[in-house]
Each structure stands twice: as C-alpha cells, then as structure tokens.
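Enquirer: I am attaching a structure below and will ask some questions about it afterwards.
The values are calculated or read from the model by the stated rules, or taken from the named source; none is laboratory data. Remember, it's a predicted structure, so these values are computed and weren't measured experimentally. Positions of Cβ are generated from backbone atoms using ideal geometry, with glycine treated the same way; all protein chains shown enter the neighbour counts. Please note that ligands, DNA and RNA were not included when accessible areas were found on the heavy atoms of the full protein model with its side chains. Shrake-Rupley method; radii C 1.70, N 1.55, O 1.52, S 1.80 Å.
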Amino acid sequence: MHCMGFTSRWINWIKACIESPTFSILLNGSPTGFFSSNRGIRQVDPLSPYIFVVVIEFWTIGMELFMHSGNINPIKRGKEEISHLLFADDMLVFCKGDRILAKGLNELLELFKLNTGLHNAKKQGLLQQRLQKRG
C-alpha cells in the first residue's frame, strides 16, 4: 500500500481493522461484551469492498508490470487488450498460453498470495482455449 501512496498511519489503521477486530452482540437491546475474531475481515464486513478494491489494484499493477516486461501477454480483440475481468469477488485472467507465459502468470499469482494472503486453491482453475483468427 506504500507504493500506492497510502501513509503509514493509514496502513496501520487498516491492519488494526483486519488483524484485531472485536465484536459485540446486542441481546434485547443491550451489548453482551466483546469477543475476538480468529479470521479477520469477512465478506459481510462493511470494510470488505474497500479492502477488495485496494487488493485488486495491487493485482492490476502487477499485471501491467508483467505485461510490459513480456512475462504475460494478454489476449487481443481488435485493438483492445484484455488481461483480466472482475465481477464481485471473482476474477478471470486472460493471457496467451505457452509454458513461459504460464510460468509468468504463476509467478504473479505467487506474488499476489505472498503480499495479500489471498489464495483459495478450491476456487482456482485453468481453462485453455484456442482462439481462431478471423479471416
């Protein structure tokens, strides 16, 4: 987040929200005391969409760097290059599929996992498709 212009103070606030949240339940209109979470932010947390945007911006910057270095080549449709699409909390990545570029994509996924802690092998998949050039 430093690279994206966030101050240390802001980053520490976000870390505190993620790493040490406490919760309280109202029972018949009265708080019942606080308890800790063991999993950090959940999707239903009001802060979650904002954290998601910051994390995906990290992914986008990484994709751009890998594309400029030639480690990943996005697909082209006309004049447009498409590298990834986002919907809710899902992401589709599009790139040319040779072994070297697949290695680049895997490298980027590992960097993403290392820097964000996000990784869900159960939701991850690979689909290969050969695109035909139009005549």
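Enquirer: For region 79-84, in order, what is each residue's ³J(HN,Hα) by Karplus, 6.51 cos²θ - 1.76 cosθ + 1.60 with θ = phi - 60°, in whole Hz (x at glycine and Pro)?
Expert: Once θ is set to phi - 60°, the couplings for region 79-84 become 8, 8, 9, 10, 10, 6 Hz.
Enquirer: Report the net charge of residues surrounding residue 56, where surrounding means a beta-carbon distance below 12 angstrom and charges are Lys +1, Arg +1, Asp -1, Glu -1.
Expert: -3
Enquirer: How far apart, in nanometres, would the label points at residue 34 and residue 84 be if each is projected 7 angstrom from Cα along the Cα-to-Cβ direction?
Expert: Going by the 7 Å Cα→Cβ label model, 3.5 nm.
Enquirer: Suppose all protein chains stay in the model; what accessible area per residue would a 1.4 Å probe give for region 50-91, in Å²?
Expert: Accessible area per residue, region 50-91: 68 Å².
Enquirer: Accessible area of region 1-116 with a 1.4 Å probe: how many percent of it is carbon plus sulfur?
Expert: 59
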